[in-house]
Amino acid sequence: MKPFKMIGLCAVVLLATACGGAKGKGATTGGTAGGPKTVSGTEVSAEAKNRFDAGLQKMVAHDKKSDWSDAVCTEVAADFTAAAEVQRKNAEKDADKKFPEALYNAGLAYQRCSKDAEARAKFQAALADDPGFHRAKVQVALYDYKDKGDAALDATIKALQDAVLEAKFQNVDALVNLAMLEMKRGGQQGWEGCKDDYDCTKLNI
């Protein structure tokens, strides 16, 4: 039997510019006229945005060139981490200090070089800032499964199901990995619109 492998799509999170529209957990957020906003509707300072954009530009460039190295991963992660730190330092209200998108992207930068301990810490920090941030929830759940194996199978499936619902079925990473784990478990448990794990696998794919 071939070893089971998780699939990580790991979408990069972009800042949403204020252009109107409904906001929701795990989706880009609109708003009234003003600066860019996080997923929770927090307006990001200009300095934090500049650091975030610097990291994003580097990440896109290195993805195109496929020239990631430990030094580059650390550099790009540092840009995103700095963006979160700047926002936390400069925001006047406690509710505005959180910038989970920046922490999440820092985790993705570390993942590019398989620096899993550092990546996991960033994903956990992003989830601590926003427990409804479904992209970070998926990554933490997959790391838990990687560490604990089938002992964490049910818990991982539950975490991925929560992420799918929070994302309103728009998180492909969560759906694909959820389907794979449901297929592996092959149980009789039903879920949203499906009667058992195999039925749910087909639905989620």
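The values are calculated or read from the model by the stated rules, or taken from the named source; none is laboratory data. Just so you know, these numbers come straight off a predicted model, no measurement behind them. When we count neighbours, we look across all protein chains shown, and the Cβ atoms used for this are built from the backbone with ideal geometry, even at glycine. Side chains included, ligands, DNA and RNA excluded: accessible areas come from the protein's heavy atoms. Shrake-Rupley method; radii C 1.70, N 1.55, O 1.52, S 1.80 Å.
Listed residues D63, D79, D67; which is part of a loop (DSSP other than H, G, I, E, B), modelled with pLDDT of 80 or more and acidic (D, E)?
Values: D63 fails: part of a loop (DSSP other than H, G, I, E, B); D79 fails: part of a loop (DSSP other than H, G, I, E, B).
Matching residue, one of D63, D79, D67: D67.
Only one of (1) part of a helix (DSSP H, G or I); (2) farther than 30 Å from E75 by Cβ; (3) open to solvent by less than 20 Å² (accessible area, probe 1.4 Å) fails for G149. Which number is that?
Tallying (1) part of a helix (DSSP H, G or I); (2) farther than 30 Å from E75 by Cβ; (3) open to solvent by less than 20 Å² (accessible area, probe 1.4 Å), G149 fails exactly one: (3).
(1) outside any helix (DSSP H, G or I); (2) closer than 21 Å to F52 by Cα; (3) among the small types (G, A, S): which one isn't true of S114, the others all being true?
Single failed check for S114: (2).
Cβ-Cβ distance below 6 Å, separation of 6 or more or different chains: which pairs start in segment 95-113 with a residue that is closer than 16 Å to S69 by Cα and among the aliphatic types (A, V, I, L, M) and end on one that is at pLDDT 95 or above and open to solvent by 10 Å² or more (accessible area, probe 1.4 Å)?
Pairs that qualify, where the first residue is closer than 16 Å to S69 by Cα and among the aliphatic types (A, V, I, L, M) and the partner is at pLDDT 95 or above and open to solvent by 10 Å² or more (accessible area, probe 1.4 Å), are A106/T81; A106/K122.
Here is a yes/no grid of residues against (1) part of a helix (DSSP H, G or I); (2) open to solvent by 70 Å² or more (accessible area, probe 1.4 Å); (3) under 18 Å from F133 (Cβ atoms); (4) touching a His at 6+ places or on another chain (Cβ under 8 Å):
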residue	(1), (2), (3), (4)
I157	yes, no, no, no
D162	yes, no, yes, yes
L175	yes, no, yes, no
L181	yes, no, no, no
K184	yes, yes, no, no
L203	yes, yes, no, no
